[in-house]
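Here the structure is laid out as C-alpha coordinates; the discussion comes afterwards.
The values are calculated or read from the model by the stated rules, or taken from the named source; none is laboratory data. Just so it is clear, the model here is predicted, and its values are computed rather than measured. Quick reminder, even Gly has a Cβ in these numbers, built from the backbone with ideal geometry, and neighbours come from all protein chains shown. Side chains are part of the model used for accessible areas, which takes the heavy atoms of the whole protein and leaves out ligands, DNA and RNA. Shrake-Rupley method; radii C 1.70, N 1.55, O 1.52, S 1.80 Å.
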Amino acid sequence: MISNSPDRESYEISPRFRQSIEQRIVRLERDAETDELALANLVHEDHLRRHRRLIVVQRTEALRMRLFLDRSRTRMPRPLISL
(Lines give C-alpha, C1' and ligand atoms only; values in the text may rest on other atoms or scores of the structure.)
Protein backbone atom coordinates (compact mmCIF):
# COMPACT_ATOMS: atom_id res chain seq x y z
CA MET A 1 0.00 0.00 0.00
CA ILE A 2 1.24 3.46 -0.85
CA SER A 3 1.01 6.04 1.89
CA ASN A 4 1.37 9.79 1.79
CA SER A 5 3.20 10.00 5.09
CA PRO A 6 5.94 12.58 5.54
CA ASP A 7 8.32 9.73 6.39
CA ARG A 8 8.67 8.81 2.74
CA GLU A 9 11.98 9.65 1.17
CA SER A 10 11.98 12.43 -1.41
CA TYR A 11 14.51 12.92 -4.19
CA GLU A 12 15.60 15.97 -6.11
CA ILE A 13 16.37 15.24 -9.75
CA SER A 14 17.45 17.30 -12.72
CA PRO A 15 14.94 18.26 -15.42
CA ARG A 16 16.97 16.26 -17.95
CA PHE A 17 16.89 13.12 -15.79
CA ARG A 18 13.12 13.52 -15.25
CA GLN A 19 12.61 13.80 -19.00
CA SER A 20 14.73 10.69 -19.56
CA ILE A 21 12.65 8.70 -17.05
CA GLU A 22 9.38 9.96 -18.57
CA GLN A 23 10.55 8.90 -22.05
CA ARG A 24 11.50 5.47 -20.72
CA ILE A 25 8.03 5.07 -19.16
CA VAL A 26 6.38 5.91 -22.48
CA ARG A 27 8.58 3.36 -24.29
CA LEU A 28 7.87 0.63 -21.74
CA GLU A 29 4.11 1.18 -21.87
CA ARG A 30 4.10 1.36 -25.68
CA ASP A 31 6.16 -1.83 -25.92
CA ALA A 32 3.81 -3.60 -23.48
CA GLU A 33 0.81 -2.65 -25.62
CA THR A 34 2.57 -3.84 -28.78
CA ASP A 35 3.53 -7.10 -27.09
CA GLU A 36 -0.05 -7.66 -25.94
CA LEU A 37 -1.20 -7.38 -29.55
CA ALA A 38 1.47 -9.87 -30.60
CA LEU A 39 0.09 -12.50 -28.20
CA ALA A 40 -2.62 -13.33 -30.73
CA ASN A 41 0.05 -14.51 -33.19
CA LEU A 42 1.87 -16.85 -30.80
CA VAL A 43 1.11 -20.55 -30.80
CA HIS A 44 3.40 -22.36 -28.39
CA GLU A 45 2.32 -22.26 -24.75
CA ASP A 46 5.88 -21.75 -23.49
CA HIS A 47 6.36 -18.80 -25.83
CA LEU A 48 3.02 -17.34 -24.69
CA ARG A 49 4.04 -17.71 -21.04
CA ARG A 50 7.39 -15.97 -21.57
CA HIS A 51 5.74 -13.21 -23.60
CA ARG A 52 3.13 -12.59 -20.89
CA ARG A 53 5.93 -12.43 -18.34
CA LEU A 54 7.71 -9.83 -20.50
CA ILE A 55 4.54 -7.70 -20.55
CA VAL A 56 4.20 -7.91 -16.76
CA VAL A 57 7.84 -6.89 -16.30
CA GLN A 58 7.44 -3.92 -18.67
CA ARG A 59 4.32 -2.66 -16.89
CA THR A 60 5.87 -3.22 -13.44
CA GLU A 61 8.99 -1.27 -14.37
CA ALA A 62 6.90 1.59 -15.78
CA LEU A 63 4.89 1.71 -12.54
CA ARG A 64 8.06 1.64 -10.43
CA MET A 65 9.42 4.59 -12.40
CA ARG A 66 6.14 6.51 -12.07
CA LEU A 67 6.21 6.02 -8.31
CA PHE A 68 9.80 7.27 -8.23
CA LEU A 69 8.79 10.40 -10.15
CA ASP A 70 5.86 10.94 -7.78
CA ARG A 71 8.34 11.04 -4.88
CA SER A 72 10.77 13.29 -6.75
CA ARG A 73 11.06 17.01 -7.06
CA THR A 74 12.60 18.60 -10.11
CA ARG A 75 15.60 20.72 -9.26
CA MET A 76 15.34 24.29 -10.46
CA PRO A 77 18.04 25.25 -12.95
CA ARG A 78 20.74 27.59 -11.75
CA PRO A 79 20.31 31.23 -12.77
CA LEU A 80 22.32 32.18 -15.82
CA ILE A 81 23.15 35.58 -14.36
CA SER A 82 24.77 35.64 -10.97
CA LEU A 83 23.13 38.03 -8.57
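Values as computed for the structure displayed
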| quantity | calculated |
| --- | --- |
| Highest-first arrangement of 25-31, 46-52, where packing means the average Cβ count within 10 Å | 25-31, 46-52 |
| With all protein chains modelled, accessible area of Leu69 [1.4 Å, Å²] | 20 Å² |
| Average projected area [Cα convex hull, the chain], square nanometres | 8.1 nm² |
| Net +/- balance of residues flanking Arg53 in space, Cβ distance below 14 Å, scoring K and R +1, D and E -1 | -2 |
